Amino acid sequence: MDEQGIIRYKPDRRGKPSRISLDQRISTFKAALPEHAGAADLLLAVKWIGNVGSHEDLLRSRDILDGVEFLDHALFLIYETNHDDIERRAADVTARRGRPSNGCIADSWWP
């Protein structure tokens, strides 16, 4: 959501940065970018699955897989990546055996 301009922090009453909850950020994302309302609803479902997984011992494998599918679809709705492009990029990564390509930011510190 950072890339979409949804802030992480806001000043508290003393003016110090205060973290905005994920729930509030998703709500803000949905209101600020109504064209992504469907993605926001999916992200909220993923958040709830993550909360249960973090704080309770109730998740089943199917719940986790649902969360992955929801996240995948939300990202698709937001970025609408072309499937051919994904396959091409995956082939490039495989050809490089996972090493960064030239021009990667990591090149500046990669030995």
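The values are calculated or read from the model by the stated rules, or taken from the named source; none is laboratory data. Predicted model, so just to flag it, every value in this text is computed and none were measured. Note: ideal-geometry Cβ built from the backbone for every residue, glycine included; neighbour counts use all protein chains shown. Quick note on the areas: whole protein, heavy atoms, side chains included, nothing else; ligands and nucleic acids left out. Shrake-Rupley method; radii C 1.70, N 1.55, O 1.52, S 1.80 Å.
First compute the accessible area of the chain with a 1.4 Å probe, then give the percent of it belonging to carbon and sulfur atoms.
Values: 4780 of 8760 Å².
Summing carbon and sulfur atoms, their accessible area is 55 percent of the total for the chain.
Listed by chain and number, the aspartates and glutamates whose alpha-carbon sits under 19 Å from that of residue 47, ignoring those within fewer than 8 places in the same chain, are 2, 3, 23, 56, 57, 63, 66, 69, 72.
If you roll a 1.4 Å probe over the heavy atoms of the protein chains, what accessible area per residue do you get for the chain, in Å²?
On the way: 8760 Å² over 111 residues.
So the chain comes to 79 Å² accessible per residue, rounded to a whole number.
Along the chain, the longest continuous region that contains none of the GluC sites (Glu not before Pro) in a DSSP loop with at most 16 other C-beta atoms within 10 Å is 4-55. Nearest 10 degrees, 0 to 90: what angle lies between the long axis of helix 83-95 and the longest principal axis of the chain (Cα atoms)? Result, in degrees: 60.
Charges on Cβ only, +1 for Lys and Arg, -1 for Asp and Glu, centred on the Cα centroid of the chain; of 76, 102, 34, which one is farthest towards the dipole's positive end? The Cα lying farthest towards the positive end belongs to 102. For the chain, the dipole from Cβ point charges (+1 on Lys and Arg, -1 on Asp and Glu) about the Cα centre works out to 680 debye, to the nearest 20. First measure r as the distance between the Cβ atoms of residue 79 and residue 16, then evaluate 1/(1 + (r/R0)^6) with R0 = 25 Å and state the FRET efficiency to the nearest 0.05. After rounding to 0.05, the efficiency reads 0.15.
Under the combined filter of DSSP loop state and at most 15 neighbouring Cβ atoms within 10 Å, the range 3-111 retains these trypsin sites (Lys or Arg not before Pro): 8, 13, 14, 60, 96, 97. Relative to the longest principal axis of the Cα atoms of the chain, the long axis of helix 37-55 makes an angle of roughly 80 degrees.
Using only alpha carbon pairs under 8 Å that are at least six residues apart, calculate the relative contact order of the chain and give it in whole percent.
Here the relative contact order equals 16 percent.
If one takes the longest principal axis of the Cα atoms in the chain, at what angle in degrees, from 0 to 90 and to the nearest 10, does the Cα axis of helix 22-32 lie? Rounded to the nearest ten degrees, it is 80.
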